[in-house]
1. Filter the range 41-76 down to residues that are aromatic (F, W, Y) and either in contact with a His (Cβ under 7 Å, 6 or more places away or on another chain) or modelled with pLDDT of 95 or more (or both), then give me how many there are.
2. Of the numbered conditions (1) of a type in the set (A, V, I, L, M); (2) within 15 Å of T7 (Cβ to Cβ); (3) exposed (fewer than 11 other Cβ atoms within 10 Å of the Cβ), I31 satisfies every one except a single condition; which is it?
3. For residues that are among the hydrophobic types (A, V, I, L, M, F, W, C) and within 23 Å of K16 (Cα to Cα), scanning just the range 65-75, find the one that is surrounded by the fewest Cβ atoms within 10 Å (Cβ to Cβ).
4. Select from the range 10-40 the residues that are modelled with pLDDT of 90 or more and of a type outside the set (A, V, I, L, M) and list them in ascending order.
5. If I filter the range 15-30 for residues that are among the small types (G, A, S) and under 10 Å from the mean Cα position of the chain (by Cα), do I get at least one hit?
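The values are calculated or read from the model by the stated rules, or taken from the named source; none is laboratory data. None of the values given here were measured: they were computed from a predicted structure. Don't worry about glycine lacking a Cβ; one is built from the backbone with ideal geometry, like all the others, and counts go over all protein chains shown.
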Amino acid sequence: MRYYSVTCKQGHHGRKRYQPIMFAIEAENAIDAIDMAKAMPGVKHSQSVLQCREISHSEYKQMRRVSAYKRLEYGA
C-alpha cells in the first residue's frame, strides 16, 4: 500500500466557491486514492480534485491524528 495526500474542493459555499480540504488516504495507486477522496462527505462532485501527491508513512500518520474536517475547521 502507498500513502497519498489528496486535496479536494469542499462544497456548500455557493456556486463556483469552495474551500480546499486535504485527506490522507491509503491506497494501491493514485487513481484509487482520488476515487476514495471524491466519495468523502462534503466534496464537490465536478472537478473536485486539486492535487494528489504521494507521502511517507510518517506524514500519513501525522495527518490521520486529526480528522480532515477538524483540520479545516481549526486551520491546522
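1. Initially, the range 41-76 is screened for residues aromatic (F, W, Y), giving 60, 69, 74.
Narrowing the set further to residues that are either in contact with a His (Cβ under 7 Å, 6 or more places away or on another chain) or modelled with pLDDT of 95 or more (or both) leaves 60.
Of the residues in that region, 1 qualify.
2. (2)
3. Taking the candidates together, the pick is L72.
4. Taking the range 10-40 as the starting set, the residues that turn out to be modelled with pLDDT of 90 or more are 20-40.
Hits for the range 10-40 are P20, F23, E26, E28, N29, D32, D35, K38.
5. Yes, the range 15-30 contains at least one residue that is among the small types (G, A, S) and under 10 Å from the mean Cα position of the chain (by Cα).
For (1) part of a strand (DSSP E or B); (2) surrounded by 14 or more Cβ atoms within 10 Å (Cβ to Cβ); (3) on the phi > 0 side of the Ramachandran plot, each residue gets a yes or a no:
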position	(1), (2), (3)
Y4	yes, yes, no
K9	yes, yes, no
R17	no, no, no
I25	yes, yes, no
M36	no, yes, no
Q47	no, no, yes
Y60	no, yes, no
M63	no, yes, no
